[in-house]
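What follows is one structure encoded as structure tokens, with my remarks underneath.
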Amino acid sequence: MSSPARIVVGYIANDSGADALALATRIARASEAVLEVVIVLPSEARTSIVPKDAGYERFLRERSRTWLAEASAALGDDVAQSLHIRYAESFAEGLIAAAHEFDAALIVVGAARGGLLGRSRIGSVANELLHSSDVPVALAPSGSREVSPGQGVTRITAAVGTRPGADGLIEASVRLARLTHAPLRLLSLVSIDLPAGMDEELAELTSTVHADEVLLAARRSLPASVEATAVTAKGATIEAAVQSLDWHAGELVLVGSNRLATPSHLFLGSTAAKMLRELPVPMIVVPRTATPGATT
């Protein structure tokens, strides 16, 4: 019998950390995964210029243990969990190292403070992860903590982009849909952002036909046993196309990495970044090439 998948949660005792924990809990409950709740503290290594302050480090450790205990109490007994304190030069570096340590399928982090309710605002930690991680990363929108854990995962949407060849995105989406027992939707966005003088109807027709072809290719790549709906969303901009769609409260959106990504690593592309600004549901970014752990 295979061991359960593991999800690393980048935790901090604020609203962003609570959002990350809530989203990770929903995914873990739906997929029977184990949560590895991680607080990353500044590396214990010190330069000769900055003297080591043992008292302060002891205070940080004790405070972090308290925060983790409070997080664990909030989780209850419904989800298998482990609590960890790790040290690293950066929060993102510590989370990636923890994901490797636990062979995690996914890293979950919250949005930066100051974002709109229900939307994801990329902070420094998420930005570093989205441009360096070799493990899929999920971004919890502001307010995710208000969604009931019992909501589960109600649909998986794979945003297949505008080019054929989803670089593991389809496989990742299929596996996650199976793990969470959620229906699968294939999505292609069409942005009709025209230069001056260009024929609007012709441009829209050309873009729509191309998007439909990409969707058809994605659908053909699905395993024979997998069914999926497919939708093309149009708008004057990517943001408008996203706004035109219906979204489930328990939905997850998967996107692939930009073609500029280092193989097996993440790189958030411009289209995905535009989507993220308007998505009312969590986004998971998977590595450019195979074995996207979020779905193993």
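I need the peptides 138-144, 219-225, 122-128 ranked by packing, meaning the mean over residues of other C-beta atoms within 10 angstrom, with the highest value on top.
Per-residue Cβ counts within 10 Å, averaged per peptide and sorted highest first, yield 138-144, 122-128, 219-225.
Any chance you could run the full-extension gain for ALA13 through GLU89? It's 0.36 nm times the residue separation minus the Cα-Cα distance, nm to one decimal.
25.4 nm
What accessible area, in Å² to the nearest ten, does a 1.4 Å probe give for SER188?
0 Å²
Please give the FRET efficiency for ALA236 paired with ASN127, using the beta carbon to beta carbon distance and R0 = 22 Å, rounded to the nearest 0.05.
The pair ALA236/ASN127 has a calculated efficiency of 0.20.
When the chain is fully extended, how far beyond the present Cα-Cα distance does ALA217 get from SER244, taking 0.36 nm per residue of separation?
Computed gain between ALA217 and SER244 is 7.4 nm.
What do you reckon, how do ASP15, ASP77 stack up by accessible area (1.4 Å probe), largest on top? Working shown, then result.
On the way: ASP15 85, ASP77 155 Å².
Reading off the accessible areas and sorting them downward yields ASP77, ASP15.
What are the ³J(HN,Hα) values, in whole Hz, obtained from phi via the Karplus relation 6.51 cos²θ - 1.76 cosθ + 1.60 with θ = phi - 60°, for each residue of segment 218-231 in sequence order, with x given for Gly and Pro?
Karplus-based 3J(HN,Hα) across segment 218-231 equals 5, 5, 5, 7, 5, x, 4, 7, 9, 9, 8, 7, 9, 9 Hz.
Using per-residue counts of other Cβ atoms within 10 Å, averaged over each peptide, order 279-286, 82-89, 174-181 from highest down.
Listed from highest to lowest mean packing, they are 279-286, 174-181, 82-89.
Using per-residue counts of other Cβ atoms within 10 Å, averaged over each peptide, order 61-69, 20-28 from highest down.
Averaged packing, sorted descending, gives the order 20-28, 61-69.
The values are calculated or read from the model by the stated rules, or taken from the named source; none is laboratory data. Predicted model, so just to flag it, every value in this text is computed and none were measured. As a convention, Cβ positions derive from the backbone with ideal geometry for all residues, glycine included, and neighbour counts pool all protein chains shown. Surface areas here come from the heavy atoms of the whole protein model, side chains and all, with no ligands, DNA or RNA. Shrake-Rupley method; radii C 1.70, N 1.55, O 1.52, S 1.80 Å.
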